[in-house]
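Notes follow the structure.
The values are calculated or read from the model by the stated rules, or taken from the named source; none is laboratory data. Keep in mind it's a predicted model, so treat the numbers as computed, not measured. Note: ideal-geometry Cβ built from the backbone for every residue, glycine included; neighbour counts use all protein chains shown.
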Amino acid sequence: MKRIFSVLLACLLFVPCVHAEDAGFESLILDVIKKNPQVIKEVLEKYEKEAAEKSKDDEFQKLLADRVEIEIGDSPIRGDKKAEYTVIAFSDFQCPFCKRGDDTIKELQKKYDKKLRYVFKHFPLGFHPEAAPASKATWAAGKQGKFYEYHDKLFENQAKIGEELYVQIAKDLNLNLDKFNKDRASEDAEKQIKADMEVGQKAGIQGTPGFIVNGVKIFGAYPVDYFEKVITSLETTAKK
């Protein structure tokens with residue numbers, strides 16, 4: 001009610017033909033509404049837009065302030081290890097939004113080059129039956145130095161995800177198949193994926209994809225410009 005009252009008062013400023021002395025305040029408001037519906041509509045729309053923008057900005061500032069520390073550990077790194085910005089992804093190979101998120105990160109790496117490094121952490125969701133097997137296969141490829149090559153092939157062929165694809169990618173990358181199969185079936189693979197998920201859950205990750213950019217949490221497959229906004233804000237903060 002207080003918000004509506006404020007908006008109606010603002011509307012009066014847009015209607016110079018009405019004067020307070022012509023009637024009681026309540027009658028004045030009703031008269032403004034009846035005679036100027038389009039003005040009311042425009043002011044309300046403007047008010048709601050400004051309120052929504054302020055809410056988004058407040059939420060964004062809160063994210064910047066509520067930063068978390070994530071241990072990279074043994075997670076594979078793509079890019080300069082001394083890069084100024086680190087994007088840590090918690091991802092699921094069967095999730096279509098994770099594929100979109102991965103495309104976004106590739107765009108960012110092209111733009112920021114050596115200033116940005118990418119770290120992958122497994123976060124297979126239970127309702128994706130191939131998510132965990134895909135993570136184990138990628139981890140096994142990493143044991144032979146081909147994590148990101150395998151990672152890229154999986155996302156590129158996401159529609160075909162399954163046992164046949166896992167073996168075919170391993171062959172295409174000239175992996176030792178016996179070692180690959182042994183590693184992906186090992187307890188170590190299971191432990192690594194579980195450890196990654198625990199790290200993500202502690203950081204507040206509940207779904208995929210989830211990203212941490214220098215401690216700033218980004219939950220969801222946001223477009224490139226949102227990541228750029230975060231990085232620009234971090235640059236501004238660093239200069240202060």
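Determine which member of the set Pro133, Pro124 is assigned by TED's automatic domain parsing to the domain that holds Tyr222 and more than 22 Å from Lys202 (Cα to Cα). Working first, answer last.
Numbers: Pro124 fails: more than 22 Å from Lys202 (Cα to Cα).
Answer to the selection: Pro133.
Taking the conditions exactly as written (modelled with pLDDT of 70 or more, of a type outside the set (Asp, Glu), more than 35 Å from the chain's Cα centre (by Cα) and farther than 21 Å from Pro124 by Cβ), does Lys111 satisfy them or not? Break it down stepwise before answering.
Working: modelled with pLDDT of 70 or more: yes; of a type outside the set (Asp, Glu): yes; more than 35 Å from the chain's Cα centre (by Cα): no; farther than 21 Å from Pro124 by Cβ: yes.
No.
Restricting region 102-127 to residues that are over 20 Å from Asp92 (Cβ atoms) and of a type outside the set (D, E, K, R), the residue that is surrounded by the most Cβ atoms within 10 Å (Cβ to Cβ) is Leu116.
In region 109-130 there is no residue matching the filter, namely being touching a helix residue (DSSP H, G or I) at 6+ places or on another chain (Cβ under 6 Å), part of a helix (DSSP H, G or I) and on the phi < 0 side of the Ramachandran plot. Number of residues in region 83-96 that are out of contact with any strand residue (DSSP E or B) (no Cβ under 8 Å at 6 or more places or on another chain) and surrounded by fewer than 17 Cβ atoms within 10 Å (Cβ to Cβ): the value is 1.
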